[in-house]
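Notes follow once the structure below has been shown.
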Amino acid sequence: MVNLLHEPMRLQARRRPDHPAVRDQGRSFSFHWIDEHADALASTLIECGIGPGDCVAMLLDKSWHAIVAMHGILRSGAAYVPIDPKGPSTRSAEILADARCAMLIAGVETWDRLRLTGADLTATHVVIVHDEKSPEFDGTPTRSSTSLNNQSARTLDWIDATCRRDSVPVVAIVESDLAYVLYTSGTTGRPKGVEVTHRNAVAFVAWAVDALGLHEGDIHSQHAPLRFDLSILDIFAPSFTGGTVALVPERATLFASDLANWIRSEAITVWYSVPTALSMLVRVGAFVSPTPCLRLVLFAGEELSPVYLATAVRELPHVTFANLYGPTETNVCTYHVVESGFAGEGGGSVPIGRPCEHTRGRVVSDDQMVLSHAGAVGELIISGPTVARGYRGHVGTGGFVAPGTYQTGDLVEIIEPGERPLLRFVGRRDTMVKVRGYRVELGEIEAILQEAPGVRHAIVVPIDDERIGVTLLAYCVVDGDASESDLQQKCRERLPRYMVPARFVFIEDAEIPLTETGKTDRSALAKLALRTSIR
């Protein structure tokens with residue numbers, strides 16, 4: 001029985017030492033290789049005083065470096081905190097402070113950018129990883145000569161060149177210890193960290209392996225960014241089964257034809273991504289060419305157009321499609337296997353499915369009465385072992401109404417009642433939306449805009465675009481000379497790219513539509529944008 005997220009990698013290193021565990025940019029790394037180098041990194045971390053209860057940040061591009069870092073951090077007893085290396089450095093600094101990270105593992109360029117923010121990093125050890133694009137990189141870990149510019153943080157070897165197999169790290173880790181912290185958008189203008197324990201993560205991965213029929217012959221794609229919860233299944237399920245994870249190169253994500261060619265060349269059997277990526281592949285007819293190895297396509301994070309899904313099912317009749325649903329706080333908590341021959345008839349969105357076998361889903365009304373009849377619409381509450389521990393560094397429980405229970409804020413419709421009802425997503429109680437699968441609290445963007453000089457009020461609304469999914473538009477009430485370029489730059493300095501509004505529209509207070517209760521009518525603003533072709 002596996003209790004810790006990193007245990008299966010060690011077991012596979014004994015069972016299938018030479019089998020490819022990770023594929024990255026044309027290179028394969030065996031289970032033995034990953035196991036050996038994760039031990040070396042864990043030893044280094046432990047020597048620095050890292051252990052259970054600590055957080056170690058990863059400011060790394062998706063690569064074999066990052067996979068080793070995840071396993072090494074977990075073996076030290078600490079939790080890993082993935083941060084977007086291409087995101088605003090000010091946001092990276094905010095996450096480092098909020099998570100109270102004792103160590104940072106970063107690339108040379110990302111570390112240099114972070115230092116320029118003036119963030120207080122004096123209590124943080126630093127491990128520098130050479131950029132794989134640098135001329136001296138030959139595929140092996142090397143020492144960095146990067147200066148810390150008089151910071152009291154230490155530069156350490158990424159991994160000792162000689163792995164010390166005579167000193168395999170042994171740390172007392174229990175399933176209630178943190179495994180990772182994933183940061184999502186927050187309503188206060190600052191990102192919010194979801195604390196996930198080993199018990200939470202193992203329960204999810206073990207369920208996925210069993211329910212989805214994953215096995216040692218599978219080659220999983222790894223498409224999602226490491227800071228996104230979709231990455232957990234991609235990275236850890238193969239170590240549970242003895243399969244392989246292939247990291248999607250960034251260049252292959254830019255063009256659907258390149259991505260389809262990559263899927264075929266890597267003989268991917270299990271694909272998992274947000275619907276935006278899947279829709280892109282369908283739109284350009286990427287699946288028309290034979291894709292014989294592909295057997296399972298999973299999508300999650302946002303709604304997928306039934307039209308695109310029907311096309312994919314028609315073009316890939318040998319493939320099983322499944323819609324996975326769940327916020328970061330619960331990981332996947334419902335799923336729906338699409339019927340063979342699905343043609344998109346009947347209208348409405350694709351169901352999010354039934355609660356997973358290890359979870360309990362309740363649909364409740366505004367007065368918290370449990371709803372159970374077909375056609376009822378209410379808020380979904382999830383209970384079970386995959387529900388996260390809570391939020392890091394924040395006062396209050398948010399949607400965590402009890403240990404192991406999370407109030408999602410998502411409104412769902414009961415299609416078929418029962419102990420495990422069939423559900424369809426309807427909308428949100430608050431202003432949270434999904435953009436390319438990422439959770440975005442509109443209030444976070446609005447708070448940052450309202451910090452800009454001359455901005456009295458900001459309202460951000462989502463605009464649905466069938467081709468590219470949801471885009472964001474900001475209505476701003478301003479005094480003085482605030483310009484669209486100034487506001488866009490303000491957002492770029494603080495927010496990841498997917499949260500920066502595509503357009504800014506300046507309006508007067510009197511032009512803001514209100515509901516009967518006097519609140520801002522966001523739906524009316526979104527409709528106004530569509531009517532006036534504001535994109």
### Query
For segment 21-50 and segment 376-393, what is the separation of their C-alpha centers, rounded to whole Å?
33 Å
### Difference of contour (0.36 nm per residue) and Cα-Cα distance, Glu357 to His215
49.2 nm
### Query
How large is the dipole of segment 464-510 about the Cα centre if only Lys and Arg carry +1 and Asp and Glu carry -1, each at its Cβ, rounded to the nearest 20 debye?
360 debye
#### Entry: Dipole of the chain, positive direction: furthest Cα of Thr320, Ile414, Gly77, with charges on the beta-carbon
Thr320
### Message
Rounded, prolate or oblate for segment 11-71? Axes are the square roots of the Cα gyration tensor eigenvalues, ordered a ≥ b ≥ c, and the cut-off for rounded is a/c under 1.5.
### Response
oblate
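Restricting to DSSP H runs of at least four residues, report the calculated mean residue ellipticity at 222 nm for the chain, -39500 (n - 2.57) per run over all residues, nearest 500 deg cm²/dmol. Before the final figure, lay out the partial values.
Details: 13 runs with 141 residues, N = 535.
Here the helix-only value at 222 nm equals -8000 deg cm²/dmol.
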## Note on the structure
Once normalised by the length of segment 204-283, the mean sequence separation of its alpha carbon contacts under 8 Å that are 6 or more apart gives a contact order in percent of 35 percent
### Query
Can you run phi through the Karplus equation (6.51, -1.76, 1.60; θ = phi - 60°) for segment 60-66 and list ³J(HN,Hα) in whole Hz, with x for Gly and Pro?
10, 5, 5, 5, 4, 3, 5
### Task
Take the Cα coordinates of segment 296-367, assign each an equal point scatterer, and use the Debye formula without solvent to give log10 I(q)/I(0) at q = 0.18 Å⁻¹.
-0.74
### Summary
The percentage of Cα-Cα pairs in segment 1-124 separated by more than 17 Å is 58 percent
### Task
Identify, among Pro513, Val426, Met1, the residue whose Cα sits farthest towards the positive end of the charge dipole of the chain, taking +1 on the Cβ of Lys and Arg and -1 on the Cβ of Asp and Glu, with the dipole about the Cα centre.
Met1
#### Entry: For segment 208-303, with +1 on Lys and Arg beta carbons and -1 on Asp and Glu, the positive-most of Ala300, His220, Val248 along the dipole
Val248
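So if a site counts as exposed when it's one of the GluC sites (Glu not before Pro), its DSSP state isn't H, G, I, E or B, and it has at most 15 other Cβ atoms within 10 Å, what's the longest stretch of the chain without one?
Working: sites that count: Glu132, Glu136, Glu216, Glu339, Glu345, Glu357, Glu419, Glu451, Glu466, Glu508, Glu516.
Excluding the exposed sites themselves, the longest stretch runs over 1-131.
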### Taking only Cα atoms of segment 313-444, radius of gyration then Dmax in Å
15.5, 50
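Please compute the net charge surrounding Asp366, taking Lys and Arg as +1 and Asp and Glu as -1 over other residues with Cβ under 13 Å from its Cβ. The partial results should precede the final answer.
Numbers: positive: Arg429; negative: Asp367, Glu379.
Within the 13 Å Cβ shell, the charges total -1.
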### Task
Quote the charge dipole size of segment 216-369 about the Cα centre in Debye, to the nearest 20; the model charges only the Cβ of Lys and Arg (+1) and of Asp and Glu (-1).
260 debye
### Query
If amide H atoms are built 1.01 Å from N in the plane of the peptide, which residues on other chains or at least 5 residues away come under 5 Å of the amide H of Ile507?
Cys476, Val477, Val478
## Note on the structure
Summed over the other residues with a beta carbon less than 14 angstrom from that of Ala312, with K and R at +1 and D and E at -1, the charge totals +1
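Taking Rh as the Kirkwood radius, which is the inverse of the mean 1/r over Cα pairs, what is the Rg/Rh value for the chain? Walk me through the intermediate numbers first.
Numbers: Rg = 23.2 Å, Rh = 24.3 Å.
The Rg/Rh ratio comes out at 0.96.
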### Query
From the phi of every residue in segment 475-486, what ³J(HN,Hα) in whole Hz does the Karplus formula 6.51 cos²θ - 1.76 cosθ + 1.60 yield, where θ is phi - 60° and glycine or proline is x?
8, 10, 9, 10, 10, x, 10, 4, 10, 4, 5, 5
#### Entry: Note, ³J(HN,Hα) from phi for segment 435-449, Karplus 6.51, -1.76, 1.60, rounded to Hz, x at Gly and Pro
10, 6, x, 7, 7, 10, 8, 4, x, 5, 5, 4, 5, 5, 4
### Message
Could you tell me what a quarter of the Cα convex hull surface of segment 205-352 works out to, in nm² with one decimal place?
### Response
8.0 nm²
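Assuming R0 = 25 Å, what is the FRET efficiency of Glu511 and Asp430, from their Cβ-Cβ distance, to the nearest 0.05? Don't skip to the answer; put the middle values down first.
Numbers: r = 24 Å, r/R0 = 0.95.
Here the calculated transfer efficiency is 0.55.
Using unit Cβ charges (K, R positive; D, E negative) and no other charged atoms, how large, in debye to the nearest 20, is the dipole of the chain about its Cα centre? Provide the component values of the computation, followed by the final result.
Numbers: 51 positive and 65 negative charges, 93 e Å.
The calculated dipole for the chain is roughly 440 debye.
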### Message
Restricting to bridges with both residues inside the chain, how much of the DSSP beta-bridge set is antiparallel, in percent to the nearest 5?
### Response
60 percent
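When a/c reaches 1.5 or more, the comparison of a/b and b/c decides; with that in mind, is segment 193-275 rounded, prolate or oblate per its Cα gyration tensor?
On the way: a/c = 2.63, a/b = 1.43, b/c = 1.84.
Here segment 193-275 falls in the oblate category.
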### Message
Quick query: amide H of Arg428 versus all other amide H atoms, modeled in the peptide plane; which residues come in under 5 Å with a sequence gap of 5 or more or a different chain?
### Response
Leu411
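Since every read-out is calculated from the coordinates, none of them should be taken as a lab result. Just so it is clear, the model here is predicted, and its values are computed rather than measured. Here Cβ is always computed from backbone atoms with ideal geometry, including for glycine, and neighbour counts include all displayed protein chains.
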